[in-house]
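Take a look at the structure below.
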Amino acid sequence: MIQKKTNERTSPKKAQNKTRQNHKSKNHRAKAVKEYTAGGVVFRIKEGQLEFLLLQDVKGRWSIPKGHVESGETLEQTAIREIGEETGLMNIKIIDKLDKIHFFYRMNGKLIFMTTFVFLMESIDLDETLMPEKSEGIVDVSWFDEQAALRAIEYKATKVLLEEGAKRVKKAYGIQ
């Protein structure tokens with residue numbers, strides 16, 4: 001075994017403590033703040049065609065509408081409220097619970113562990129006007145056919161939920 005010569009002598013106890021400190025620092029993780037949001041894969045069937053609602057943020061990413069759960073709200077209430085606020089759709093109904101998505105992100109130096117609960121939701125009024133909530137960084141809201149929506153969505157987990165939603169809608173409504 002080759003030993004490195006140093007001018008500094010370290011006792012076995014000090015060396016052991018130093019190893020423990022290094023081990024701790026390597027495994028130390030910042031404690032994440034937990035946050036919860038709810039939203040939906042929103043669809044409509046217009047002239048026999050299945051369409052999905054997506055919104056675009058200021059960075060050009062397309063995703064589904066969602067937002068933070070407020071005190072006293074159920075997840076379902078949050079999903080309906082957020083979709084209304086972010087897109088202008090008020091005539092929507094929850095069809096089913098799809099799943100939840102977990103992810104980490106950093107904001108203002110804080111590590112956030114986000115859980116987003118996603119519902120399958122139907123737009124009732126086919127001609128309701130879409131209005132992006134510009135004050136929240138939403139630059140566009142639009143309807144997409146299934147394939148265009150899947151191409152547009154940035155996040156893999158969201159694509160998986162849209163695919164599952166499409167499968168359920170097609171089965172329930174007899175769409176090919």
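Provide the solvent-accessible area of SER142, counting protein heavy atoms only and rolling a 1.4 Å probe, rounded to the nearest 10 Å².
Using a 1.4 Å probe on the heavy atoms, I get roughly 40 Å².
Which entries of LYS59/LYS171; LYS34/LYS170; LYS134/LYS167; LYS31/LYS167; LYS34/LYS171; LYS31/LYS156 show an alpha-carbon separation above 29 angstrom in the structure shown?
Values: LYS59/LYS171 35 Å; LYS34/LYS170 35 Å; LYS134/LYS167 32 Å; LYS31/LYS167 38 Å; LYS34/LYS171 36 Å; LYS31/LYS156 25 Å.
Long pairs (Cα-Cα over 29 Å): LYS59/LYS171; LYS34/LYS170; LYS134/LYS167; LYS31/LYS167; LYS34/LYS171.
Determine, from the Cβ-Cβ distance of HIS102 and ILE124 and an R0 of 41 Å, the FRET efficiency 1/(1 + (r/R0)^6), rounded to the nearest 0.05.
After rounding, the FRET efficiency stands at 0.85.
Which cross-chain or sequence-distant (5 or more) residues have an amide H under 5 Å from the amide H of VAL139, H modelled 1.01 Å from N in plane?
Answer set, sorted by chain and number: GLN56, ASP57, VAL58.
What's the extension gain from VAL160 to ARG81 if we count 0.36 nm per residue and subtract their Cα-Cα distance? Present the calculation step by step, with values, prior to reporting the outcome.
Working: separation 79, 0.36 × 79 = 28.44 nm, distance 2.35 nm.
Extra length from VAL160 to ARG81 when fully extended: 26.1 nm.
Specify which residue in the list VAL169, ALA152, THR129 is farthest towards the positive end of the charge dipole of region 123-176, using unit charges on the beta carbon of Lys, Arg (+1) and Asp, Glu (-1), about the Cα centre.
With unit charges placed on the Cβ atoms, the residue in question is VAL169.
If you average the sequence gap of Cα pairs under 8 Å that are 6 or more apart and divide by the length of region 24-176, what percent do you get for the contact order?
Numbers: 297 pairs, mean separation 46.5, N = 153.
Over region 24-176, the number comes to 30 percent.
The values are calculated or read from the model by the stated rules, or taken from the named source; none is laboratory data. As the structure is a computational prediction, the values presented were derived from the model and not from experiment. Glycine also receives a Cβ, built like all others from the backbone with ideal geometry; neighbour counts cover every protein chain displayed. Heavy atoms of the whole protein, side chains included, go into the accessibility calculation; ligands, DNA and RNA do not. Shrake-Rupley method; radii C 1.70, N 1.55, O 1.52, S 1.80 Å.
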